[in-house]
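The block underneath contains the structure these notes are about, expressed in structure tokens.
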Amino acid sequence: FCSLLCSRPRSHASLGLPYYTQLSSPIRRFNDNLVHLQMKSVLRGEGVLFEAKALAELAEAAYFVEREIKQISQQCDQYWMAMYFRERMERIWECTFLSWKSQVHGMGYVQIDEVGLQVMIHLENPMRLGEKLRVRAVQVTPRLDGNSVFLFEEVSR
């Protein structure tokens, strides 16, 4: 948990810095604002706003709320993507082959280029990374719980 918000300085391995804080994020999260307020108060000579224990409790609560918000957002995105495809069942989509889940069973991942949706489909022929193919939706079931069903099939080349 300390990698998210910590009361003591920590290093940043990727940047190779002995001390690091995420103080001025272009996308403000609640924890970024806590750090910003805390640093601002100290730099003004007003002391800390939150003691370490209170700061950790606020940060932990915010982490779980942010995680839930992200999950709900992903469920909504998936639902509306399913609605989009359900209204376009007859359309042929250009795709890019991404990887095999099981080459033995012909199951691989493709990305529908126009919308960036990644789905697993059954492929009859061997594919190479980055190879283009065309697919069509055969079943799409939008669900608000994040379990929308997307079933695509390859269209003959």
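If R0 is 22 Å, the Cβ-Cβ spacing of residue 87 and residue 156 corresponds to a FRET efficiency of close to 0.35. For an R0 of 25 angstrom, estimate the FRET efficiency from the Cβ-Cβ distance between residue 128 and residue 149 and round to the nearest 0.05. Calculated transfer efficiency: 0.35.
Of 100, 93, 80, the order by accessible heavy-atom surface (1.4 Å probe, DNA, RNA and ligands excluded), from most exposed downward, is 80, 100, 93.
Taking amide H as placed 1.01 Å from N in the peptide plane, residue 148 has its amide H under 5 Å from the amide H of 143, each at least 5 places away in sequence or on another chain.
Heavy-atom accessible surface of residue 30, to the nearest 10 Å², is about 100 Å², with a 1.4 Å probe and all protein chains retained. The GluC sites (Glu not before Pro) of segment 27-111 meeting both criteria, a DSSP state outside H, G, I, E and B (loop) and at most 13 other C-beta atoms within 10 angstrom of the site's C-beta, are 46, 51, 87, 90. Here the sum of -39500 (n - 2.57) over DSSP H runs of 4 or more residues, divided by the residues of the chain, equals -11000 deg cm²/dmol at 222 nm, to the nearest 500.
A cut-off under 10 angstrom between Cβ atoms defines the neighbours of residue 93, and their net charge, with Lys, Arg +1 and Asp, Glu -1, is +1.
Couplings for segment 52-65, taken from phi via the Karplus curve 6.51 cos²θ - 1.76 cosθ + 1.60 with θ = phi - 60°, read 3, 5, 5, 5, 5, 5, 4, 5, 5, 4, 5, 4, 5, 5 Hz in order; Gly and Pro are left as x.
Contour minus end-to-end for residue 102 and residue 33, with contour as 0.36 nm per residue of separation and end-to-end as the Cα-Cα distance?
Details: separation 69, 0.36 × 69 = 24.84 nm, distance 4.47 nm.
Contour length minus the Cα-Cα distance gives 20.4 nm.
Within the set (1) 9, 29, 25, 21, 10, 3, 1, 0; (2) 9, 26, 19, 17, 18, 8, 1, 0; (3) 10, 36, 31, 17, 5, 0, the number that P(r) over Cα pairs in 10 Å bins from 0, in percent takes when calculated for this structure is listed as (2). Report, in degrees rounded to the nearest 10, the 0 to 90 angle that the Cα long axis of helix 30-43 makes with the longest principal axis of the chain. Rounded to the nearest ten degrees, it is 20. For segment 55-112, what does the alpha-carbon gyration tensor say about shape, rounded, prolate or oblate, given a ≥ b ≥ c as the root eigenvalues, a/c under 1.5 as rounded, and a/b over b/c as prolate? Oblate shape, in that a/c is at least 1.5 and b/c is the bigger or equal ratio.
The values are calculated or read from the model by the stated rules, or taken from the named source; none is laboratory data. Since the structure is predicted, the reported quantities are computational estimates derived from the model, not experimental observations. Ideal geometry is used to build each Cβ from the backbone, glycine not excepted, and the neighbour counts take in all protein chains shown. In case anyone asks, the SASA skips ligands and DNA or RNA and just uses the protein heavy atoms, side chains included. Shrake-Rupley method; radii C 1.70, N 1.55, O 1.52, S 1.80 Å.
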